[in-house]
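Visitor: First, the structure itself, so that you have it in front of you.
A short reminder: the numbers here are calculations on the coordinates, not readings from a lab. Computed from a predicted model, the values in this text were never measured in an experiment. Heads up, the Cβs are rebuilt from the backbone with ideal geometry, glycines too, and the neighbour counts pull from every protein chain shown.
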Amino acid sequence: MRRAPRAGAGLATPVLWKSLSKAPPVNRPLLLLLLSLTVSACAKPPAISVLGAFFPDWLFCAIGGLVMTLIVRALAIRFGHEQTLGPPLLVLPALMLLFSLLAWLLFF
């Protein structure tokens with residue numbers, strides 16, 4: 001009794017091995033250096049001690065983003081440019097996210 005061949009059996013295998021055999025050789029020291037740099041970020045915990053209690057870094061970045069967004073909104077209202085910012089429901093959360101991520105990049 002003969003079995004029917006599986007669908008797609010053996011179709012991609014020769015192409016896959018040919019493409020792998022043409023791959024450039026891996027530079028081992030460079031690869032180890034790149035891997036060690038990715039692990040070095042785990043050296044300290046992402047928390048800040050405030051009076052003995054540890055708070056996550058992202059919390060301070062979010063609070064800083066909120067404060068900066070409120071300052072930008074207050075300045076826009078004061079100088080009459082609130083309408084040029086666009087719809088507040090879209091612009092203010094985007095500004096908060098922008099300022100939070102910038103604080104994260106600058107300080108952490």
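Visitor: Name, by its number, the condition in (1) more than 23 Å from the chain's Cα centre (by Cα); (2) surrounded by 11 or more Cβ atoms within 10 Å (Cβ to Cβ); (3) not in a helix (DSSP H, G or I) that does not hold for Phe55.
Guide: Phe55 satisfies every listed condition except (1).
Visitor: Still on this structure, I have one more. Output the residue which, of all residues in the stretch 63-93 that are charged (D, E, K, R) and more than 29 Å from Phe107 (Cα to Cα), is surrounded by the most Cβ atoms within 10 Å (Cβ to Cβ).
Guide: Within the stretch 63-93, the match that is surrounded by the most Cβ atoms within 10 Å (Cβ to Cβ) is Glu82.
Visitor: Here is a follow-up. Has the stretch 33-47 got any residue that is surrounded by 12 or more Cβ atoms within 10 Å (Cβ to Cβ), assigned to a helix (DSSP H, G or I) and not charged (D, E, K, R)?
Guide: no
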